[in-house]
């Protein structure tokens with residue numbers, strides 16, 4: 001961001017850059033600045049504009065939420081700025097608001113910047129007045145001033161400043177307007193001797209009185225003029241299309257299907273390219289290299305065939321879909337569509353005891369469950385947030401779609417009448433996805449009546465106006481916040497799993513590989529569920545990523561089946577000439593395939609997701625339930641299905 | 001909150017009495033789309049967290065709200081208030097008494 005900002009470039013000499021970096025990581029700074037504001041005021045945009053890429057998430061003592069912090073320098077001094085969670089008021093009502101209130105009280109920032117939305121100034125002034133009542137050095141950044149002008153709302157900044165007795169900076173942070181001015185004002189104010197003292201008793205004035213004051217201030221400073229009548233109000237039309245009784249659901253279905261379609265199709269080409277480079281080219285090269293430097297076979301096996309191959313595999317299959325899905329999703333978020341989805345879905349979800357915003361965490365779960373779990377932060381009330389976290393695994397993640405599509409193509413398509421194979425295959429995949437939605441609603445319903453009994457929350461949802469998305473920021477947030485985060489965790493887990501998978505397949509006990517003994521051990525349970533021991537073993541060892549399950553199944557099948565194909569390393573389904581023949585040879589039937597499709601939907605989350613659930617809930621208990629619940633569902637469903645199948649087929 | 005919902009029926013009766021006294025009072029969720037109203041009070045049985053949240057959102061006596069869209073399947077009702085569109089579940093909205101303008 002800073003690259004677009006001339007003022008930042010002119011001052012960022014090397015020495016200053018080094019000081020900034022030190023400040024960011026060592027925690028030294030000349031002045032601590034807090035950034036507060038109502039949700040949906042563009043506070044994060046202001047933060048990004050102020051700090052550019054000089055930011056990271058910091059852990060502040062006693063906080064449950066990680067806070068983003070960044071630095072900028074102005075006038076030769078380093079300012080550290082902390083982005084506090086969006087809040088309506090300092091009278092702490094929920095967790096996020098407590099974080100903000102506590103931070104302002106305990107960390108005692110020197111300057112507090114309140115970001116206010118110019119299009120809804122009256123509501124935003126409540127927080128301004130509350131902060132001003134507690135802190136002596138407050139700046140009001142009136143953001144979205146361009147949007148307000150477009151809607152015929154004119155804010156008299158000088159008068160507002162006089163009425164509030166605080167410096168006011170008009171901003172259009174998306175375009176970078178007012179950023180330099182805000183930096184300068186922060187620097188000035190930090191050096192100034194406070195002219196007025198904040199009332200010392202630390203008590204907040206009554207909200208109703210503050211609203212009365214806010215109303216008076218707005219009357220004095222804001223003038224409304226009739227906006228130039230547009231020939232066609234596209235915002236209102238779009239809003240109607242997205243939320244009206246008859247169009248809301250079809251539009252939602254279409255948008256979601258389109259996003260998934262683009263993701264699955266669009267990921268193919270880059271996935272193949274990466275596969276060609278990392279698996280087909282680099283892997284044999286590393287193998288030769290390992291032999292060249294004289295590594296023993298088992299060490300080169302563990303390192304190259306095990307760890308490297310699993311890591312590379314995860315990158316190939318995960319990176320492209322995520323790098324497409326998450327930006328598309330963030331685009332919808334930036335457009336303002338996602339709150340409307342929550343609005344549309346709340347009626348259904350509330351009956352299951354869930355929150356409307358769970359529709360969004362589920363939708364993100366279709367990209368990656370770990371990201372879906374993190375996204376549950378947007379649900380303010382703890383009970384509903386846990387419901388969303390615990391049921392997220394029923395949303396089919398990116399790693400499971402290819403498994404379903406493969407099985408469906410191999411086993412369902414041939415059962416269809418001629419010419420309808422693809423339709424049947426896709427129908428079966430869709431049926432599994434729909435079953436997933438039904439199961440997550442059922443699970444939410446049951447949880448709300450058992451483990452998570454409690455009163456439904458005071459639901460409120462702010463619906464922001466539809467906005468033109470800010471493309472650069474979409475890419476930045478989605479790639480940094482979601483894609484890299486998820487990929488990093490998955491790769492970290494893939495290394496030990498790769499080593500384990502290799503060992504299981506290549507280390508022998510007696511005359512037979514370890515995998516044989518283990519799969520024999522699991523095979524009675526496998527039979528009961530309509531699966532086999534090899535599949536269950538693959539699910540155990542490939543826990544780091546669902547993407548690894550099919551290659552592991554194939555590898556184990558080949559290794560244990562004594563087939564003419566060389567085994568012992570992960571196996572690409574696309575590379576097998578007669579995949580169905582291979583599987584049938586290993587005893588697979590239609591029952592195996594169908595049961596596996598069910599188990600693919602209902603099994604424990606991958607280790608990345610489990611760890612994320614633990615980190616988000618800070619509770620081993622909830623991580624356990626999130627793991628056990630879908631697994632138990634899968635055991636029961638598959639066993640029932642297999643029993644019925646054997647009875648009737 | 002469940003408690004609030006249970007009391008909703010009684011509350012409706014109380015509404016009727018209030019209207020009888022000459023004030024055209026009704027609850028917020030009874031407004032028709034596009035209708036504007038001024039907030040009279042938040043029901044006394046709505047307390048603590050929930051009451052504060054409504055106050056923080058700007059639902060204080062004297063504020064003017066305009067009813068907007070309603071979500072399908074008994075979902076939330078949207079209102080415009082101080083330039084912001086806000087959705088509340090019907091059970092919550094029913095705890096706010098308004099007079100139509």
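The values are calculated or read from the model by the stated rules, or taken from the named source; none is laboratory data. Just so it is clear, the structure is predicted and the values come from calculations on it, not from any experiment. We place every Cβ from the backbone using ideal geometry, glycine too, and count neighbours over all the protein chains shown.
Entry remark, the stretch A:272-302: residues being part of a helix (DSSP H, G or I) and either without any contact (Cβ under 8 Å) to a residue 40 or more places away in the chain or not assigned by TED's automatic domain parsing to the domain that holds residue A:316 (or both) number 21 in total. Inside the stretch B:50-65, can you point out the residues that are more than 11 Å from the chain's Cα centre (by Cα), touching a residue at least 24 places away in the same chain (Cβ under 8 Å) and more than 7 Å from chain A (Cβ to nearest Cβ)? Correct list: B:62, B:63, B:64. Kindly check whether there is at least one residue in the stretch A:465-486 that is away from chain B (no Cβ under 14 Å) and under 24 Å from residue A:283 (Cα atoms). Yes, that holds for at least one residue. Number of residues in the stretch B:67-90 that are within 11 Å of the chain's Cα centre (by Cα) and more than 8 Å from every other protein chain (Cβ to nearest Cβ): the value is 4. Per the conditions (1) touching a strand residue (DSSP E or B) at 6+ places or on another chain (Cβ under 8 Å); (2) crowded, with 18+ Cβ neighbours inside 10 Å; (3) over 24 Å from residue A:340 (Cβ atoms), the sole criterion not satisfied by residue B:92 is (3). When the stretch A:122-147 is limited to residues that are away from chain B (no Cβ under 14 Å) and in a loop (DSSP other than H, G, I, E, B), the one that is nearest to residue A:103 (Cα to Cα) turns out to be A:135.
Summed over the stretch A:589-625, the residues that are touching a residue at least 60 places away in the same chain (Cβ under 8 Å), under 26 Å from residue A:557 (Cβ atoms) and not in a helix (DSSP H, G or I) give a count of 5.
Here residue A:461 does not fit the description of being assigned to a helix (DSSP H, G or I) and surrounded by 17 or more Cβ atoms within 10 Å (Cβ to Cβ). In this entry, residue B:97 is excluded by the filter for residues that are at the interface with chain A (Cβ under 7 Å from one of its Cβ atoms) and either surrounded by 24 or more Cβ atoms within 10 Å (Cβ to Cβ) or modelled with pLDDT of 85 or more (or both). Name the one entry in B:59, B:54 that is assigned to a helix (DSSP H, G or I) and within 21 Å of residue B:25 (Cβ to Cβ). After applying the criteria, what remains is B:54.
Taking every residue in the stretch A:201-218 that is more than 10 Å from every other protein chain (Cβ to nearest Cβ) and closer than 11 Å to residue A:125 by Cβ and pairing it with any residue that is crowded, with 16+ Cβ neighbours inside 10 Å and modelled with pLDDT of 85 or more, at least 6 positions away or on another chain, the pairs with Cβ-Cβ distances below 6 Å are A:217/A:163. Comparison of A:347, A:353, A:336 shows that the only residue that is within 11 Å of another protein chain (Cβ to nearest Cβ), in contact (Cβ under 8 Å) with a residue 24 or more places away in the chain and surrounded by fewer than 24 Cβ atoms within 10 Å (Cβ to Cβ) is A:336. Scanning the stretch A:440-458 for residues being out of contact with any strand residue (DSSP E or B) (no Cβ under 9 Å at 6 or more places or on another chain), assigned to a loop (DSSP other than H, G, I, E, B) and either within 12 Å of chain B (Cβ to nearest Cβ) or more than 13 Å from residue A:385 (Cα to Cα) (or both) gives a total of 7.
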